[in-house]
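K.L.:
Could you have a look at this structure, given as structure tokens, before my questions?
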Amino acid sequence: MNRYFVKASKFVLPGRVASEGYLEVIDGLFGEVVSEVPEDAEVLDYSGCWIAPGYVDTHIHGFGGHDVMDCDIDGLNEASVELAKHGTTSWVATTLTQPAEEIMAACAAVFEAVEARDDDFVGANIDGIYLEGPFFTEKHKGAQNPDNMCDPNVDLFCDWQEAAHGLICKSAIAPERDGSTQYCTTLHEMGVVVALGHSDATYEQGMAAVAAGATAFVHTYNGMSGLNHRNPGLVGCAMTATSTYAEIICDGMHVLPGAIQTLVNARGWEHVVLVSDCLRCGGMPAGDYFLGDFPIRLTGGLARLKMADGTLGSIAGSVLTLDQAVRNVVEWNIVTAEQGIRMASEVAAKSAGIDDICGMMLPGRSADFNVLDTDLMLVDTFIGGKQVQK
């Protein structure tokens, strides 16, 4: 039996923050937080630090030069190793609006990457697949290719889910497309989250999708019909639809802090999910990259579409990591440290329907946790009780 204790000042546990104690880790699983340990116990001393659940990124396309759509098994696992160095212990591999056969190949590759890991692998867990598209509309396409967009199709989804061996946990649609309400209802019955975004839907169309089973919103504000006093749009839905979750990209460029504050005030932090929407250029130097079919340029910490004449177009995604997102929302005085941590772990996992396997420090669950200093800077990360090497 491999047993040790982690000494710290604060532990972010389900329902409370415990102070000054020791977290037991047994054979890579969480034990209890106790006030005393045996005299001969191995103790990792992180006095003055927070022990928090590992971050769960539920909307992320890639990292460290790798993208989910590459269908590269080794690349997916290399991205997982690099993500773990930034405190992300679980991620939901996110696809793009590409041809159906390419999405199917990506789903199969994600499953194969998970299966290829052995007991010595230490990297972020891939705990699901998120289909960002192709069921979108062109007006708010962002960096999604409109040539591949189509109406929601349950048969297509089932083909992808078969290739993924059941890993798909979330699928995004534009609710104004034909067949949306039936798609929402069917996937809800399957236990798969439907998210709304890349859409010019009216408030009424958005709410109809929520009534049919949709429970999330794709990077709120970005790529959706805005809030207007005579047409609340999809942003209005995200702010008012109870029992749903709103993703938000908190890099300070996709959405300004005042708008983030507005969303948190409207929904409560318990329903706002910190996501990165990070691309392959995350963790990489400034320069030119590709996102699906489109060339992009990373400059000034932001990725934009690169137009044929060399000018830069709309925002294509971020290079954000969740550890930075948590620090941002706390430094902007939008939420407390505890709330920010939970928005990137517990709330995120709940929003994607994967809170049964990640997002909380529960006894018997894989010991995936972060050690944070008083400024919420990452000190160390552990996955399955093993320390991530930086």
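The numbers here are math on the coordinates, done by the rules we state, and not lab data. Bear in mind the structure is a predicted one, so any value in this text is a computation, not a measurement. Here Cβ is always computed from backbone atoms with ideal geometry, including for glycine, and neighbour counts include all displayed protein chains.
K.L.:
Output the Cα-based Rg and Dmax of segment 1-84 in Å, rounding Rg to one decimal and Dmax to a whole number.
P.N.:
That works out to 17.2, 51 Å for Rg and Dmax.
K.L.:
Working from the pairwise distances between different alpha carbons, so that the mean of 1/r is found and then inverted, what is segment 279-338's Kirkwood radius in Å? Don't jump to the answer; show the numbers that get you there.
P.N.:
Numbers: mean 1/r = 0.0786 Å⁻¹.
Result for segment 279-338 stands at 12.7 Å.
K.L.:
A further question on this structure: List the trypsin sites (Lys or Arg not before Pro) in segment 149-251 that DSSP assigns to loop (not H, G, I, E or B) and whose Cβ has at most 12 other Cβ atoms within 10 Å. Which are they?
P.N.:
Numbers: sites: LYS170, ARG177, ARG230; in loops: ARG177, ARG230.
Hits after loop and neighbour filter: ARG230.
K.L.:
Also, quick follow-up: Where does the Debye-calculated log10 I(q)/I(0) of segment 253-317 sit at q = 0.28 Å⁻¹, using only Cα point scatterers of equal weight, no solvent?
P.N.:
-1.16
K.L.:
Follow-up. What share of all Cα pairs of segment 130-285, in percent, falls into each consecutive 10 Å distance bin?
P.N.:
So the P(r) values, bin by bin, are 12, 41, 36, 11, 1.
K.L.:
Additional query: Would you kindly calculate the translational diffusion coefficient of segment 106-147, applying Stokes-Einstein with the Kirkwood radius from alpha carbon pairs, for 25 °C and a viscosity of 0.890 mPa s, and quote it in µm² s⁻¹ without decimals?
P.N.:
Estimated diffusion coefficient is 190 µm²/s.
K.L.:
For an R0 of 22 angstrom, estimate the FRET efficiency from the Cβ-Cβ distance between ASN153 and GLU204 and round to the nearest 0.05.
P.N.:
Working from the Cβ atoms, E equals 0.40.
K.L.:
Suppose the chain between GLU101 and VAL17 were pulled fully straight at 0.36 nm per residue; how much longer would it get relative to their current alpha carbon spacing?
P.N.:
Answer, rounded to one decimal: 25.6 nm.
K.L.:
Which value at 222 nm does the chain reach when only helices count, each DSSP H run of 4 or more adding -39,500 (n - 2.57), with the total divided by all residues and rounded to the nearest 500 deg cm²/dmol? Could you put the intermediate results ahead of the total?
P.N.:
Details: 10 runs with 101 residues, N = 390.
The helix-only estimate for the chain comes to -7500 deg cm²/dmol at 222 nm.
K.L.:
Can you give the Rg to Rh ratio for segment 280-390, taking only C-alpha atoms and Rh from Kirkwood?
P.N.:
Numbers: Rg = 17.4 Å, Rh = 16.4 Å.
Answer for segment 280-390: 1.06.
K.L.:
Let's test the formula: R0 of 22 Å, r as the Cβ-Cβ distance of THR299 and ASP375. What FRET efficiency results, to the nearest 0.05?
P.N.:
Numbers: r = 28 Å, r/R0 = 1.26.
For R0 = 22 Å, the calculated efficiency reads 0.20.
K.L.:
Counting DSSP beta bridges in the chain, what percent are antiparallel, to the nearest 5?
P.N.:
55
K.L.:
Where in segment 195-277 are there GluC sites (Glu not before Pro) that are in a DSSP coil and have at most 13 other Cβ atoms within 10 angstrom of their Cβ?
P.N.:
For GluC sites (Glu not before Pro) across segment 195-277 that sit outside H, G, I, E and B with at most 13 neighbouring Cβ atoms in 10 Å, the list is empty.
K.L.:
When the chain is modelled as a GNM with alpha-carbon springs shorter than 10 Å, which of ALA18, ALA303, ALA52 fluctuates the most?
P.N.:
ALA18
K.L.:
Averaged over every viewing direction, what's the projected area of the C-alpha convex hull for the chain? Give it in nm², one decimal, please.
P.N.:
18.2
K.L.:
Could you pull the Rg and Dmax for segment 47-114, using just the Cα atoms, both in Å?
P.N.:
13.6, 52
K.L.:
Dipole size in debye (nearest 20) for segment 55-358 around its Cα centre, Lys and Arg Cβ +1, Asp and Glu Cβ -1?
P.N.:
On the way: 15 positive and 40 negative charges, 271 e Å.
Roughly 1300 debye, rounded to the nearest 20.
K.L.:
With an 8 Å Cα cut-off and a minimum separation of 6 or more residues, compute the relative contact order for segment 55-358 in percent.
P.N.:
With pairs under 8 Å counted, the relative contact order is 19 percent.
K.L.:
Here's something else I'd like to know. What number comes out for the charge environment of SER243, summing +1 per Lys or Arg and -1 per Asp or Glu over other residues with Cβ under 13 Å away?
P.N.:
+1
K.L.:
What is the local net charge at ALA18, summed over the other residues whose Cβ is closer than 13 Å to its Cβ (Lys, Arg +1; Asp, Glu -1)?
P.N.:
Here the charged neighbours net out to -1.
K.L.:
Limiting things to C-alpha atoms, what are the Rg and the maximum Cα-Cα separation (Dmax) for segment 1-159, in angstroms?
P.N.:
That works out to 20.4, 66 Å for Rg and Dmax.
K.L.:
A further question follows. Compute, for segment 19-73, the length of the dipole vector about the Cα centre, with Cβ point charges of +1 (Lys, Arg) and -1 (Asp, Glu) only. Units Debye, rounded to 20.
P.N.:
It works out to roughly 280 debye.
K.L.:
Taking the Cα centre of segment 55-358 as the origin and placing charges on Cβ (Lys, Arg +1; Asp, Glu -1), which of LEU156, ILE168, PRO146 is farthest toward the positive end of the dipole?
P.N.:
PRO146
K.L.:
Hey, another quick one. Distance from the Cα centre of segment 297-335 to that of segment 126-194, in angstrom?
P.N.:
So the separation of the two Cα centres works out to 25 Å.
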